[in-house]
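The values are calculated or read from the model by the stated rules, or taken from the named source; none is laboratory data. Keep in mind that what you see is a predicted model, and the values were worked out from it rather than measured. All Cβ positions, even for glycine, are placed from backbone atoms using ideal geometry, and neighbour counts span all protein chains on display.
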2 protein chains.
Amino acid sequence: MPGIVECVPNISEGRRLDVIEGLAKVVVATPGVRLLDRTSDPDHNRSVFTFAGEADAVESAALALIDATYKVVDMRGHKGEHPRLGAVDVVPFVPLAGATMADCVAIAHRVGRVVAARHQVPVFFYAKAATRPERIRLPDIRKPEYEGLAAFLETTHVPDAGPRTLHPSAGAIVIGARPPLIAFNIELDSSDLKLAQRIAREIRESSGGLPGVQAKGFMLSDPPRAQVSMNLLDHTVTSLPQVWREVESRALSAGVRILRGELIGLIPLDAALAAAGNALLLGSLPRDRVIEAHFIE
Amino acid sequence: MPGIVECVPNISEGRRLDVIEGLAKVVVATPGVRLLDRTSDPDHNRSVFTFAGEADAVESAALALIDATYKVVDMRGHKGEHPRLGAVDVVPFVPLAGATMADCVAIAHRVGRVVAARHQVPVFFYAKAATRPERIRLPDIRKPEYEGLAAFLETTHVPDAGPRTLHPSAGAIVIGARPPLIAFNIELDSSDLKLAQRIAREIRESSGGLPGVQAKGFMLSDPPRAQVSMNLLDHTVTSLPQVWREVESRALSAGVRILRGELIGLIPLDAALAAAGNALLLGSLPRDRVIEAHFIE
């Protein structure tokens, strides 16, 4: 299959660094795959790997990582702040240069069927790979969490593949296809948590705001500062400059300026170029105007 | 030689489209070279090709283009607004991913020696490939123009390679190595040419402004609008956001806002990312935070 695909698996292990290191090595060992980013959070007890490469290679690496994780992560002892259903919690595939969303949906379904057959783990397909509307949003699928899921596997949570029985150590797995996601935070020059929460509420899609935007107000400590934390689920629908304007205008109305932005993980090239083009009032800044973009494999 | 090199030859032919098309085909015919951009201006009677690829391939393409141009462009009949010394007027080599400035200086010197030997054309090395301080700046070398150069070839303009005699049809050639150049214009919401000229004077290096910035005030017609037209010779020394701030603050002091930016030709990835990072108050936005940048050859 042609084209570059990104995969961003979330693993329910963020504390045992030797175990995480071993899993990262499994990814890197797959020829044609590059590990672009890795983040582990001990509070969440969760690690996120970002890797990419030719579609076939990424599919192999994802399967190898799932196999390896099931050997070393046991959900029966797992504690962490972040909601999760299984040892490998979520595995999204993202189309990049030359790959389509249909390619990624096909990969997600294929990987799901293999995992179900090989490990007897219940599999749910989400986002663009969802088989029904109530499985599009990840939070809806993940709501019962590992501890509560068994009770729903015969009713609301009949798996898309695999058994209707929770795997004791592996739990369940959610696999899907989605556009590149941008995790972006805006720090306000204020310690007014309520302001950040109000802005988040006003801009997020779930309360009638910007399409494809998830947002939450947080308090940072030392020094205490209010932060609007966001996921942009599809930057071609709602862009970074749009989100920036909406947050900034609301903050300024309250007499508060933006202190800084923070990018978590990676950004798609087109999203960065949209921000540059917007700042320089270029109208747009397409890829072919960027020298090096002509040399992306 | 490893790494990607860009070459931006300026050809003294901007009117005969069939001739220009033929020259573009010579570039494209070189394996491993991509023609990224081409611009022809009939008033200037000049064309600019932008091509890039593996260093060796780019060197071959540059030589092939010079050979081909000398067969079809004769300076004895050339008229145009833009200053020039020869049929192939300037040939800068620019290091991109994996190539160094030293690589490009070596290429420039090699190409110059081949052209001198093969065509008996006087060759001047400029910018980072210059052999003496007074040959760093292109305008200093080009001052006598084709029509006046013969008189200086024994004195101030002794060539770095080739004969001290002007080639009747090819003229002379200037070859060099330089960082990526950004040609960027800012259009003011005003028809005050004097304002644009004053801003240009204040920000350009030659009158004590920003290092590596060339700037000139222009008047656009229909509708009449003042424009600050700039070359950023090294965006790592003076960046697009810096230039933007300097122009904007001066315009705003005169009660004029910026209407739009205009990018001529191509922009280096790092310069675009600097603009995005600045707009999003990220501090910086390094390449490795951009997904696709990991897949630049």
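Points worth noting:
- Residue that is farthest from A:I66 (Cα to Cα), among those in the range A:17-39 that are charged (D, E, K, R) and exposed (fewer than 15 other Cβ atoms within 10 Å of the Cβ): A:D18
- Within the range A:143-158, being farther than 18 Å from A:D74 by Cα and crowded, with 20+ Cβ neighbours inside 10 Å holds for one residue alone: A:H157.
- From A:R289, A:R260, residue being within 10 Å of chain B (Cβ to nearest Cβ) and under 30 Å from B:V5 (Cβ atoms): A:R289
- Across the range A:79-103, the number of residues qualifying as surrounded by fewer than 21 Cβ atoms within 10 Å (Cβ to Cβ), more than 15 Å from the chain's Cα centre (by Cα) and not hydrophobic (A, V, I, L, M, F, W, C) comes to 6.
- The lone exception for B:E262 - which of (1) crowded, with 18+ Cβ neighbours inside 10 Å; (2) under 21 Å from the mean Cα position of the chain (by Cα); (3) under 30 Å from A:E246 (Cα atoms) it fails: (1)
- Of all residues in the range A:118-140, those satisfying the criterion of being in contact (Cβ under 8 Å) with a residue 24 or more places away in the chain and more than 16 Å from the chain's Cα centre (by Cα) are A:R118, A:H119, A:Q120, A:V121, A:P122, A:V123, A:T131.
- Listed by first and then second residue, the pairs with beta-carbon distance under 8 Å, at least 6 apart or on different chains, first residue in the range B:83-105 and free of Cβ contacts under 8 Å to residues at least 12 places away in the same chain, second part of a loop (DSSP other than H, G, I, E, B), form an empty list.
- Residue satisfying condition, being closer than 27 Å to A:A150 by Cα and within 14 Å of another protein chain (Cβ to nearest Cβ), within set A:V8, A:V33, A:V73: A:V8
- Boolean, A:I203 is within 14 Å of chain B (Cβ to nearest Cβ) and either crowded, with 19+ Cβ neighbours inside 10 Å or over 22 Å from the mean Cα position of the chain (by Cα) (or both): no
- One residue stands out among those in the range A:157-182 that are of a type in the set (A, V, I, L, M) and assigned to a loop (DSSP other than H, G, I, E, B): the one that is modelled with the lowest pLDDT, which is A:L181.
- Residue check for A:G176: under 30 Å from A:V58 (Cα atoms), in contact (Cβ under 8 Å) with a residue 40 or more places away in the chain and in contact with a Pro (Cβ under 7 Å, 6 or more places away or on another chain): yes
- Residue within the range A:226-241 that is at the interface with chain B (Cβ under 8 Å from one of its Cβ atoms) and buried (at least 21 other Cβ atoms within 10 Å of the Cβ) present: yes
- Residues of the range B:191-238 satisfying the condition of being charged (D, E, K, R) and out of contact with any helix residue (DSSP H, G or I) (no Cβ under 7 Å at 6 or more places or on another chain): B:D192, B:K194, B:R198, B:R204, B:E205, B:D222, B:R225, B:D234
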